[in-house]
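The values are calculated or read from the model by the stated rules, or taken from the named source; none is laboratory data. What you are looking at is a predicted structure, and each value in this text was computed from that prediction instead of being measured. With ideal geometry, Cβ positions are generated from the backbone for all residues, glycine too; neighbour counts draw on all protein chains shown.
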Amino acid sequence: MTCIKMELGEPDASGRRSPVEIAGSEFEIELDTVIMSLGTSPNPLISSTTEGLEINRRKCIVAEEENGATSKAGVYAGGDAVTGAATVILAMGAGKAAAKGIHEYLSGK
């Protein structure tokens, strides 16, 4: 994946500063898989293409709050995919919990 670093530009007429590219800051990251994390509800393709992944009546992924573990071994989830629309702070906390759960899973703890 090719990435580019960003910074906040000058304020517009409303005072809002928008991100702008930093020239020459391109870099690449080698990846096997990318999962998009945009929007305020889970992508229906996730549950329809991932056998064994439990979802609730709101079509959100069921995950343990303390570590993000789902009903499918080795699959972790958090944020809007689990809670539906919520705050960024809650999503960040879920990400941190899932990272800990993933670490424990991969290290056999």
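Is it true that some residue in the range 71-81 is touching a residue at least 40 places away in the same chain (Cβ under 8 Å) and over 16 Å from residue 34 (Cα atoms)? So far as the range 71-81 goes, yes, one or more of its residues are touching a residue at least 40 places away in the same chain (Cβ under 8 Å) and over 16 Å from residue 34 (Cα atoms). The single condition among (1) at pLDDT below 90; (2) of a type outside the set (D, E, K, R); (3) in a strand (DSSP E or B) that residue 20 does not satisfy is (1). Picking from residues in the range 72-109 that are assigned to a helix (DSSP H, G or I) and in contact with a strand residue (DSSP E or B) (Cβ under 6 Å, 6 or more places away or on another chain), the one that is nearest to residue 46 (Cα to Cα) is 81. When residue 10 is tested against the conditions (1) in a strand (DSSP E or B); (2) modelled with pLDDT under 90; (3) of a type in the set (Asp, Glu), the lone failure is (2). Going through (1) under 21 Å from residue 98 (Cα atoms); (2) surrounded by 10 or more Cβ atoms within 10 Å (Cβ to Cβ) one by one, residue 18 falls short only on (1). Identify the residue in the range 46-83 that is among the polar types (S, T, N, Q) and either touching a Leu at 6+ places or on another chain (Cβ under 7 Å) or closer than 13 Å to residue 99 by Cα (or both) and, among all such residues, is surrounded by the fewest Cβ atoms within 10 Å (Cβ to Cβ). That would be 71. Looking across the range 23-45, the residues that are surrounded by 11 or more Cβ atoms within 10 Å (Cβ to Cβ) and at pLDDT 85 or above come down to 25, 26.
Among residues of the range 1-15 that are surrounded by fewer than 10 Cβ atoms within 10 Å (Cβ to Cβ), those with a Cβ under 7 angstrom from a residue that is of a type in the set (Lys, Arg), sequence gap 6+ or separate chain, pair up as 10/17. Kindly establish whether residue 46 is without any contact (Cβ under 8 Å) to a residue 12 or more places away in the chain and either in a loop (DSSP other than H, G, I, E, B) or over 22 Å from residue 89 (Cα atoms) (or both). Considered against the rule, which asks whether it is without any contact (Cβ under 8 Å) to a residue 12 or more places away in the chain and either in a loop (DSSP other than H, G, I, E, B) or over 22 Å from residue 89 (Cα atoms) (or both), residue 46 comes out as no.
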